[in-house]
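Chemist: I'd like to ask some things about the structure below.
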Amino acid sequence: MAIKYILVQFSDRTWWKIPASVIAASRAHYFASIDSAKGEGDYDAIYIDEYQTTINDAVELEDWAKNNMNWSDVKEFAVQDRSEDVDYEKEWCNVEFDFIE
């Protein structure tokens with residue numbers, strides 16, 4: 001089963017949902033370009049094979065994203081994940097406070 005999204009959390013505690021297809025396409029394009037230029041096959045066939053391999057492998061998705069991509073590569077596709085509706089009025093008395101001078 002293909003992975004649809006990856007979730008990432010930044011230091012500000014926000015979670016972002018990024019389509020796995022963006023990362024898989026980046027990796028597939030890279031390898032298809034290199035391998036087809038070396039005469040190791042047709043670009044489209046290599047692309048499809050690499051894409052399918054990556055979209056089904058969480059480890060490969062994470063590795064490629066962390067080591068070969070930047071936030072700027074995925075930012076336009078990222079959506080802040082708000083898995084739950086938060087009742088801010090209800091939670092206000094129990095929120096964690098921090099103070100900045």
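Here, each number is a calculation from the coordinates, and none is a lab measurement. A quick note: this is a predicted structure, and the numbers were derived from the prediction, not measured. Note: ideal-geometry Cβ built from the backbone for every residue, glycine included; neighbour counts use all protein chains shown.
Chemist: Return the loop-located trypsin sites (Lys or Arg not before Pro) in the chain (DSSP other than H, G, I, E, B) with at most 11 other Cβ atoms within 10 Å of their own Cβ; answer none if there are none.
Modeler: Values: sites: 4, 13, 17, 27, 38, 66, 75, 82, 90; in loops: 4, 13, 38, 82.
Here the sparse-neighbourhood loop sites are 4, 13, 38, 82.
Chemist: Which whole-number value in Å³ per residue fits the convex hull of the alpha carbons of the stretch 1-61? Write out the running numbers ahead of the final one.
Modeler: Numbers: hull volume 5.0 nm³, N = 61.
So the per-residue Cα hull volume is 81 Å³.
Chemist: Between exposed chymotrypsin sites (Phe, Trp or Tyr not before Pro) in the chain, where DSSP calls loop and at most 16 other Cβ atoms lie within 10 Å, what's the longest gap? If you can, show how the numbers build up before the last one.
Modeler: Values: sites that count: 10, 97, 99.
Within the chain, the longest run free of exposed chymotrypsin sites (Phe, Trp or Tyr not before Pro) spans 11-96.
Chemist: Can you tell me the length gained on complete extension of the stretch residue 38 to residue 94, counting 0.36 nm per residue apart and subtracting the Cα distance?
Modeler: Details: separation 56, 0.36 × 56 = 20.16 nm, distance 6.04 nm.
Difference between extended and current length: 14.1 nm.
Chemist: Can I ask one more? Taking a cut-off of 27 Å between Cα atoms, list the lysines near residue 4, but don't count ones fewer than 8 places away on the same chain.
Modeler: 17, 66, 75
Chemist: At 0.36 nm per residue, minus the direct Cα-Cα distance, what do residue 2 and residue 68 gain on full extension? Give it in nm, one decimal, please.
Modeler: Values: separation 66, 0.36 × 66 = 23.76 nm, distance 2.08 nm.
Additional length available on full extension: 21.7 nm.
Chemist: Using a Förster distance of 41 angstrom, determine the FRET efficiency expected from the C-beta separation of residue 57 and residue 13, and round it to 0.05. Walk me through the numbers before you get to the answer.
Modeler: Details: r = 28 Å, r/R0 = 0.68.
Working from the Cβ atoms, E equals 0.90.
Chemist: Continuing with the same structure: Determine, from the Cβ-Cβ distance of residue 77 and residue 45 and an R0 of 22 Å, the FRET efficiency 1/(1 + (r/R0)^6), rounded to the nearest 0.05.
Modeler: The value I calculate is 0.30.
Chemist: Now for a different question. When the helix-only estimate is applied to the chain (DSSP H runs of n ≥ 4, each -39,500 (n - 2.57), divided by the residue count), what is the mean residue ellipticity at 222 nm, nearest 500 deg cm²/dmol? List each step's numbers first, then the result.
Modeler: On the way: 5 runs with 50 residues, N = 101.
So the helix-based figure for the chain works out to -14500 deg cm²/dmol.
Chemist: Sticking with this structure for a sec: Give me, ordered by chain and number, the residues 5 or more places off residue 15 or on other chains with an amide H under 5 Å from its own placed amide H.
Modeler: Counting only residues 5 or more places away or on other chains, the set is 81.
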